[in-house]
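Reviewing the structure listed below.
The values are calculated or read from the model by the stated rules, or taken from the named source; none is laboratory data. On a predicted model such as this, the values are computed, not experimentally measured, just so you know. Positions of Cβ are generated from backbone atoms using ideal geometry, with glycine treated the same way; all protein chains shown enter the neighbour counts. Only protein heavy atoms, including side chains, enter the accessible area calculation; ligands, DNA and RNA are left aside. Shrake-Rupley method; radii C 1.70, N 1.55, O 1.52, S 1.80 Å.
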Amino acid sequence: MTISRSYQSIVLLFVSRLSATAFTPSLALSTSVTHHSNSIRSSSQLRLFGSSRFRKKDTQLDHQMESAADADAATQKMAQLDLSSIKKFAHKNGDALFGYIEECQMDDPNNKGSFGRFLDAGTGSHSLRWMASILHREHLLANTSNGALSSPNISMDSFTAITADENMRRRVFNEAKELGIADKGDVIIGNWKEGVGKDGTVEFGASDTSDGSKLLLEGQQFDTILADYLVGAIDGFSPYFQDLIFNRLVPHLAPGGRLYVIGLQPIPDSVNSPANIMCKIRRVRDACILLANHRCYREYPLDWIERHLRKSGLNVVQSRTYPISYDHNTMVRQINVGRSKLKLFPTKGMAAEMGKVLDDLEKESLEVTRKQADGRITLGYDYVVVAERPVDSD
């Protein structure tokens, strides 16, 4: 039978307590000797002195036993978690974009390898899992064998995750519980557009909410903010607000803190290469979304992001791009987004005809990828921009 180290510690502490208790009477008796009149103590006083001394030691032992028990409980809790969905983040090549963000944060002299108080300004399952990998980083590194390819042992004090969609909030919150990080932060529903004036100023203290409550995160600041494809998603919730999103976020970024922006360079209308199939898929997919009376995501180019970060008072520290390769399955997933909207079309006839267009695109994408040596076409790129709030800013 195996016994945990924590349990062994408890047993040893208990035995030492018994030894200490047995020793107390002999201590009192052996020291009840008088040499000078000004140092006379009765045996009862000595026993009291010895008892008080060992009560203090008992208290210390209690704390040690409680700490050992807590450590054992924490180990058991970790063993019960399914962390398979976040193990990849413990490898340097597990996620290129978040790996770059970790690298930048480790090199930042203002933060010393910690994200500190962290705000995910537009949360989702992917960013939530990455945050969980940070909060469980020591455990993941201790239980993987990536060697020199291990991700850095970076930390995070707490997190706040924001979404404008109630279904997403429930999904992220439930996943946070499953990953054992629900007690490390909050998942909140809210819209960044509230409280921003027409001139772009944030009107804290003058909420226009119906119940008179404070604006989203009013009075709170964070050491790090993540905008993970947030700008592209804004058009679905707060159209025409994209140019003001950084003005809204900056007051929540502590001086010296960093804002990391992840985005997608817009896919062009057409290109003179086999990659044009992806341009056609994007156009038809977006047409389906609009015919279903929904709003499309609207991505913004890297130079637009950098301009507006500077306009909001931030310094652009650096940026990096990551070319995107599409295989047949990746393209079919985008085609299926269009198919999912057909049931919402104005007429069945229109839906049937669009269904044929989508089927043709799936066949064409298979033909194109089969002609490529690696079965992929490359078009556009993701990007990460690192921006920083000046230390001396208000």
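As an equivalent ellipsoid, region 97-170 spans semi-axes of 23, 15, 10 angstrom, where each value is the square root of five times an eigenvalue of the C-alpha gyration tensor, largest first.
Label positions at residue 315 and residue 332, each projected 7 Å from the Cα along the C-beta direction, are separated by 4.9 nm. Here the spin labels are modelled as points 7 Å beyond Cα on the Cα-Cβ line, and at residue 165 and residue 269 they lie 2.8 nm apart. Here region 238-394 is assigned +1 on the Cβ of each Lys and Arg and -1 on the Cβ of each Asp and Glu. Its dipole about the Cα centre then comes out at about 420 debye. Using the average count of surrounding beta-carbon atoms within 10 Å as a protection proxy, the listed peptides 337-344, 350-357, 98-105 rank, highest first, as 98-105, 337-344, 350-357. Annotation: extensible slack from residue 340 through residue 394 equals 14.7 nm (criterion: 0.36 nm per residue apart, minus Cα-Cα distance). Loop-located trypsin sites (Lys or Arg not before Pro) in region 133-216 (DSSP state other than H, G, I, E, B) with a sparse environment of at most 12 neighbouring Cβ atoms within 10 Å: 198. Between region 284-313 and region 377-391, what is the separation of their alpha carbon centroids in Å? The two parts, judged by their Cα centres, are 15 Å apart.
Rounded to the nearest 0.05, the FRET efficiency derived from the C-beta distance between residue 325 and residue 347 at R0 = 45 Å is 0.75. Among rounded, prolate and oblate, which fits region 282-356 when a ≥ b ≥ c are the square roots of the eigenvalues of its C-alpha gyration tensor, a/c under 1.5 means rounded, and a/b larger than b/c means prolate? Here region 282-356 falls in the oblate category. Taking each residue as 0.36 nm, the span from residue 144 to residue 367 lengthens on full extension beyond its C-alpha to C-alpha distance by 76.3 nm. Using R0 = 41 Å, the C-beta based FRET efficiency linking residue 378 and residue 218 works out to 0.40.
List the chymotrypsin sites (Phe, Trp or Tyr not before Pro) within region 131-212 that fall in a DSSP loop (any state other than H, G, I, E or B) and whose Cβ has at most 16 other Cβ atoms within 10 Å.
Those that pass, being in a loop and sparsely packed, are 204.
Coupling constants for region 263-274 follow from the phi torsions by the Karplus curve (6.51 cos²θ - 1.76 cosθ + 1.60, θ = phi - 60°), and in residue order they are x, 10, 4, x, 6, x, 5, 6, 9, 8, 6, x Hz; glycine and proline get x.
Expressed to the nearest 5 percent, the antiparallel share of DSSP beta bridges inside region 83-205 is 15 percent.
Hey, can you find the accessible area per residue of region 238-394 for me, probe 1.4 Å, expressed in square angstrom?
51
When the square roots of the Cα gyration tensor eigenvalues are ordered a ≥ b ≥ c, the ratio a/c for region 111-264 is 1.5 or more and a/b exceeds b/c, which makes its shape prolate.
Label-to-label distance for residue 293 and residue 177 is 3.4 nm, based on points extended 7 Å past Cα in the beta-carbon direction. Taking the alpha carbon gyration tensor of region 237-394, multiplying each eigenvalue by 5 and rooting it gives semi-axes of 37, 21, 10 Å, largest first.
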